[in-house]
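K.L.:
Have a look at this one before I ask anything.
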Amino acid sequence: SNPWKEVDLPRLDQLPVRTLSANQVTKFFDWIKERWLGWELPSLFWEVKAVTGCRLGDLCSIPTWGLQDGKLIFEATSAKARRQRVAVLPPDLFDALKRLAGPQYLWER
């Protein structure tokens, strides 16, 4: 028999959902530009993270060939969900990534 059958589950606190304001996002990207002396790659990384909404591990493991036709392709073998996923990127972001992509992995440089 289950001794906990009659016991109610504990109540968990309802944590509020926190989102960043446009001002906070602007300050963050300004800080990155200042901290990395105008190096474009860190800003692009966080912008792609925001646009795709993917996990850091999935984003870091994208090979350069995964950048195709205005899209970013996440391989099934390296994604947490174990299925291929495609994210459509804004044209200016796609062009910047294409220009800075490493020879084997997207973030290699």
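The numbers here are math on the coordinates, done by the rules we state, and not lab data. Note that the structure is predicted; figures quoted are calculated from it, not measured. Reconstructed Cβ throughout: ideal geometry from the backbone, glycine too, with neighbour counts over all protein chains shown.
K.L.:
Considering the Cα positions of the chain, please state its Rg to one decimal place and its Dmax as a whole number of Å.
P.N.:
Expressed in Å, the Cα Rg and Dmax of the chain come to 19.6, 65.
K.L.:
Something else: Loop by DSSP (not H, G, I, E, B), at most 13 other beta-carbon atoms within 10 Å: where is the longest site-free stretch of the chain for chymotrypsin sites (Phe, Trp or Tyr not before Pro)?
P.N.:
Working: sites that count: Trp4, Trp36, Trp39.
Maximal segment without exposed cleavage sites: 40-109.
K.L.:
Using only alpha carbon positions, build the gyration tensor of region 29-90, then give the equivalent ellipsoid semi-axes as the square roots of 5 times its eigenvalues, largest first, whole angstrom.
P.N.:
Equivalent ellipsoid of region 29-90: 24, 12, 10 Å, largest first.
K.L.:
Let me ask something else about it. Rounded to the nearest 500, what is the chain's calculated 222 nm mean residue ellipticity when only DSSP H runs of at least 4 contribute -39500 (n - 2.57) each, over all residues?
P.N.:
Taken over the chain, the calculation gives -11500 deg cm²/dmol.
K.L.:
Could I ask something else about it? Cross-link partners among lysines for Lys49, C-alpha distance below 29 Å, same-chain residues fewer than 8 apart left out?
P.N.:
Lys27, Lys33, Lys71, Lys80, Lys98
K.L.:
Hey, any idea what Rg/Rh is for region 8-64, computing Rh the Kirkwood way over Cα pairs?
P.N.:
1.17
K.L.:
Here is a follow-up. Mean separation of Cα pairs under 8 Å and 6+ residues apart, divided by the residue count of the chain: what relative contact order is that in percent?
P.N.:
Details: 93 pairs, mean separation 21.8, N = 109.
Once divided by the residue count of the chain, the mean separation gives 20 percent.
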